[in-house]
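Let me begin by presenting the structure, written as structure tokens, before commenting on it.
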Amino acid sequence: MGAKSVVGEVQCILYHPGDAPPSDGATDFFVSAQVLVGVAGEDLADSFDLMVFSPQRYAAYIGSEWDARVDDELLPGGAIRPVTGVWLMQSWSTDAFDSAVRRIVVASGPAPDWITLAQRISRLMPWEYDYEVDRRINEQAGLPDLALNTWHDG
């Protein structure tokens, strides 16, 4: 590793609703997971959030939610909804989920700084500060803040 490098570490995985993931082997489930990741050896952590579904639960969820969700989630024209932060598993395995999360964090480093590492991790697990980083990058380049105008219409 170079003189200046950052390596990530999963500090905690929290499951919502409630405090427990589905039972191992479950084939019809949904769980919301908050993965707290920080720099290895440090106490601070940022949140990376996921929704994990079995395929049949996801099909039911997206079918029932299509018309009930806000228009901001649809691409212009209303025919396409991109989905970020969704993972599908045929059957739930706490060990498989934990292993995948940790592998993504390890594979994302080393990085020159925390922001670079977090952006790499956020390719597969949305980061709580991704819009803030985009805003700062645009600000430094003299560009407008587009965080609230996702589709840049107009």
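The values are calculated or read from the model by the stated rules, or taken from the named source; none is laboratory data. Note that the coordinates shown come from a computational prediction; the quantities given were computed from them, not determined experimentally. So basically every Cβ, Gly included, is an ideal-geometry build from the backbone, and we count neighbours across all protein chains shown. Each accessible area value is taken on the protein alone, full model and side chains, heavy atoms only, with ligands, DNA and RNA left out. Shrake-Rupley method; radii C 1.70, N 1.55, O 1.52, S 1.80 Å.
Quick notes on this one:
- Between D43 and R103, residue separation times 0.36 nm minus the direct Cα-Cα distance comes to 19.6 nm.
- Once exposed loop GluC sites (Glu not before Pro) are cut out (DSSP; at most 15 other Cβ, 10 Å), longest piece of the chain: 43-127
- Residues of segment 74-118 with amide N under 14 Å of a point placed 7 Å along Cα→Cβ from E9: 106
- Distance from segment 1-43 to segment 75-154 (C-alpha centre basis), Å: 15 Å
- Excluding exposed DSSP-loop trypsin sites (Lys or Arg not before Pro) (at most 15 other C-beta within 10 Å), longest clean stretch of the chain: 5-68
- For the chain, adding -39500 (n - 2.57) for each run of n ≥ 4 DSSP H residues and dividing by the number of residues yields -8500 deg cm²/dmol at 222 nm.
- Protein heavy-atom surface of the chain, 1.4 angstrom probe: 53% of the accessible area is carbon and sulfur, with nucleic acids and ligands not counted.
- For Cα extents along the principal axes in Å, the candidate list reads (i) 44, 37, 30; (ii) 48, 46, 22; (iii) 42, 35, 23; the entry that matches the value derived from this model is (ii).
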